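These notes are about the structure you will find just below.
The values are calculated or read from the model by the stated rules, or taken from the named source; none is laboratory data. Bear in mind that the values here come from a model prediction, so they are computed numbers and not experimental data. Methodologically, a virtual Cβ is constructed for each residue, glycine included, from the backbone with ideal geometry; neighbour enumeration extends over all protein chains shown. Surface accessibility is based on the protein's heavy atoms, side chains included, excluding ligands, DNA and RNA. Shrake-Rupley method; radii C 1.70, N 1.55, O 1.52, S 1.80 Å.
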Amino acid sequence: MFAEENGLHGDPRIKAISDAIRVVPHFPKPGIMFQDITTLLLDPKAFRYTVDIFVDRYRDKKISVVAGVEARGFIFGPPIALAIGAKFVPLRKPRKLPGEVISESYVLEYGTDCLEMHVGAVQPGESVLIVDDLVATGGTLSAAIRLLERVGAEVVECACVIGLPLVKGNWRLNGVPLYVLVEPRLDDLECTL
């Protein structure tokens, strides 16, 4: 669900977050309207609002692990984990972790990719929050859910800063709730994929 549909309608922090995200037309290829969160990171107030909203949502949910999806989930995940007293586990692209790993492949529009995490990083029964910057089709987050569930974790929710319009109304991935702070600004959006 979008944050505005869950008690934050009219909250000025949501507008500040949305306004801080730059839309880059035709990057990395023609037809894509890239949602650039680096400008959000340059705005300390908007960055703080982003982390604070997530922390407020998850502080009392007894989450023991925040899993961040490479690479931008590594930006938002650690401050959330620290604030709620959870450990942070990076979910990496192939061959980036030095130890023994467990992997989960997933299909992209033109090929496949894979997420990996260290064996033993997450224990059976631990409650996990998955964090990323953007959800488009849900493929990467679904792979993250499968990976964590394979080791016996309970994925409580997936949290993203931006949700593209095609996920609106689909608030569950593999049965796991999805929470999104903002949509892309429609005045800047010609096409999303």
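The table that follows gives values for the structure above.
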| read-out | value |
| --- | --- |
| Filter result for the condition that a residue is of a type in the set (A, V, I, L, M) and farther than 18 Å from Pro184 by Cβ, over Leu82, Leu40 | Leu82 |
| Residue in region 183-190 that is modelled with pLDDT of 65 or more, outside any loop (DSSP other than H, G, I, E, B) and either under 19 Å from Asp56 (Cα atoms) or open to solvent by less than 10 Å² (accessible area, probe 1.4 Å) (or both) present | no |
| Among (1) assigned to a helix (DSSP H, G or I); (2) open to solvent by less than 40 Å² (accessible area, probe 1.4 Å); (3) over 17 Å from Tyr179 (Cβ atoms), the one test that Val23 misses | (1) |
| Filter pass, Phe34 being open to solvent by 90 Å² or more (accessible area, probe 1.4 Å) and touching a strand residue (DSSP E or B) at 6+ places or on another chain (Cβ under 6 Å) | no |
| Number of positions in region 135-156 that are crowded, with 17+ Cβ neighbours inside 10 Å and on the phi > 0 side of the Ramachandran plot | 1 |
| Listing of strands (runs of 3 or more DSSP E) fully contained in region 50-143 that carry 1 or more residues being of a type in the set (Ser, Thr, Tyr) | 101-108, 111-118, 127-135 |
| Residues that are of a type outside the set (Gly, Ala, Ser) and assigned to a loop (DSSP other than H, G, I, E, B), drawn from region 144-169 | Val151, Leu164, Lys168 |
| Selected residue (criterion: modelled with the highest pLDDT) from residues of region 4-44 that are out of contact with any helix residue (DSSP H, G or I) (no Cβ under 9 Å at 6 or more places or on another chain) and β-branched (Val, Ile, Thr) | Thr38 |
| From the options Gly10, Gly31, residue that is on the phi > 0 side of the Ramachandran plot and touching a residue at least 24 places away in the same chain (Cβ under 8 Å) | Gly31 |
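Residues are listed down the side, and each one gets a yes or a no for (1) at pLDDT 95 or above; (2) over 20 Å from Val156 (Cα atoms); (3) exposed (fewer than 13 other Cβ atoms within 10 Å of the Cβ):
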| residue | (1), (2), (3) |
| --- | --- |
| Tyr58 | yes, no, no |
| Lys62 | yes, no, yes |
| Glu70 | yes, no, no |
| Phe74 | yes, no, no |
| Ala81 | yes, no, no |
| Ala86 | yes, no, no |
| Lys96 | yes, yes, yes |
| Glu100 | yes, yes, yes |
